[in-house]
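The values are calculated or read from the model by the stated rules, or taken from the named source; none is laboratory data. Since we're looking at a predicted model, the values are computed, not measured. Here Cβ is always computed from backbone atoms with ideal geometry, including for glycine, and neighbour counts include all displayed protein chains. Remember, those area values only see protein heavy atoms, side chains included, never the ligands or the DNA or RNA. Shrake-Rupley method; radii C 1.70, N 1.55, O 1.52, S 1.80 Å.
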Amino acid sequence: MNNTVSAEPDDLERLVAEASALFERAGSPAELEQAKARYLGKAGALTELLKGLGRLPAERRPEAGARINAAKLRVEEALERRRAALAQAALDARLAEEAIDVTLAGRQSGPGGVHPLLRTWQRVEEIFASIGFDVADGPEIETDWYNFTALNQPENHPARSMHDTFYVDLKDAQGLPLLLRTHTSPMQVRYARMHRPPIKVIAPGRTYRVDSDETHSPMFHQVEGLWIDEHISFADLKGVYSDFLHRFFETDALQVRFRPSFFPFTEPSAEIDMAFDSGPLKGRWLEISGAGQVHPNVVRNFGLDPERWIGFAFGSGLERLAMLRYGIDDLRLFFEGDLRFLKQFA
């Protein structure tokens, strides 16, 4: 750069040419900024010329100032052109490194599928709807009364223990803690108190208990069934549930038995077992449901007269039904989200 440059036109023309050439030789943004400082910095050539305007006679200042500012504008334009060129070069280099071969086969989105538990849920609803049962849904956070007391479970019942039940940090109108429902049976009470007999309803949904292993999950699904009328007997329970199992598994090659048991909300009560006549589970009895005639105390909590109204109730695990239908031996597979497992049902 010419250190004796003045505000004369020829000197300014040489200065612009030198600056433009120096900018073009800059191979990086850092070099370009160093070159900029020689002309436009605090001690740069154009900055010094502008500072020196005060030493010129007053009549020459406007013309000289205009020439210097015009030269400064051309230098700034050259600087911006080089900045843009360096930025484009950096972008081109990055794109070259990240280049995608568009001729490669793309990754296509596979078709979705219905989760095996939802398939089971839908199948249960379809079967019971075909014989006149309504489907009810209700809150998963329940009161003590609906979840326990209304179902004839006394205060010392094990299910009320915090070792078995998830309680939440809220209380009901009686000051008792609310809880995550341990079964969908509370919906039987809620539905019966809102409808007049005859009552035919199932209540599928999520339930919660403190339990987790190959055959248990802290969150699982149940379907509860209820039929209340004036002349509903245990024979009706046997007929309805046996027919349901045959239709659900799409086979008559299975046996069903009702084994005496005890539940506080039914009397008499029974465990329902089934056994396939063929396949890997042939001849093996498997517990599939709990059931029985609705206890008179529970009928009273429905708001009905147990001397007139009678019926049956049952409760089945949807996971258990799905595991048997699809040959799954670990309940946890339903909730792990492993696509290798779920794609079998797509």
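Just a yes or no: is a residue in the stretch 167-176 open to solvent by less than 70 Å² (accessible area, probe 1.4 Å), closer than 22 Å to Val299 by Cα and not aliphatic (A, V, I, L, M)? No: the stretch 167-176 contains no residue that is open to solvent by less than 70 Å² (accessible area, probe 1.4 Å), closer than 22 Å to Val299 by Cα and not aliphatic (A, V, I, L, M). Every condition in (1) of a type in the set (A, V, I, L, M, F, W, C); (2) within 23 Å of Ile310 (Cα to Cα); (3) at pLDDT below 95; (4) buried (at least 19 other Cβ atoms within 10 Å of the Cβ) holds for Leu179 except the one numbered (2). Restricting attention to the stretch 266-278, the residues that are surrounded by fewer than 14 Cβ atoms within 10 Å (Cβ to Cβ) and of a type outside the set (D, E, K, R) total 1. Selection over the stretch 122-154 of residues that are of a type in the set (Phe, Trp, Tyr) and more than 17 Å from Ile199 (Cα to Cα) gives a count of 3. Assigned to a helix (DSSP H, G or I) and surrounded by fewer than 15 Cβ atoms within 10 Å (Cβ to Cβ), is that true of Ala17? Here the answer is yes, as Ala17 does meet what is asked. Restricting the stretch 279-294 to residues that are in contact (Cβ under 8 Å) with a residue 40 or more places away in the chain and either among the aromatic types (Phe, Trp, Tyr) or open to solvent by less than 40 Å² (accessible area, probe 1.4 Å) (or both), which is farthest from Phe244 (Cα to Cα)? Across the stretch 279-294, the extreme among qualifying residues is Val294.
Of all residues in the stretch 228-245, exactly one satisfies the criterion of being open to solvent by 50 Å² or more (accessible area, probe 1.4 Å) and within 38 Å of the chain's Cα centre (by Cα), namely Asp243.
The conditions of being of a type in the set (D, E, K, R), open to solvent by 40 Å² or more (accessible area, probe 1.4 Å), in contact (Cβ under 8 Å) with a residue 12 or more places away in the chain and not in a strand (DSSP E or B) are not met by Arg196.
For the stretch 95-117, a tally of residues being open to solvent by less than 80 Å² (accessible area, probe 1.4 Å) and under 23 Å from the mean Cα position of the chain (by Cα) returns 7. Of all the criteria given as (1) in a loop (DSSP other than H, G, I, E, B); (2) among the aliphatic types (A, V, I, L, M); (3) touching a residue at least 60 places away in the same chain (Cβ under 8 Å), the one not satisfied by Ile127 is (1). Screening Ser217 on (1) touching an Asp or Glu at 6+ places or on another chain (Cβ under 9 Å); (2) hydroxyl-bearing (Ser, Thr, Tyr); (3) under 15 Å from Glu142 (Cα atoms); (4) open to solvent by less than 20 Å² (accessible area, probe 1.4 Å) shows it passes everything except condition (3).
Somewhere in the stretch 123-130, is a residue open to solvent by 80 Å² or more (accessible area, probe 1.4 Å) and modelled with pLDDT of 90 or more? Yes: one or more hits.
Looking only at residues in the stretch 235-257 that are hydrophobic (A, V, I, L, M, F, W, C) and farther than 17 Å from Ser316 by Cα, the one that is modelled with the lowest pLDDT is Ala253.
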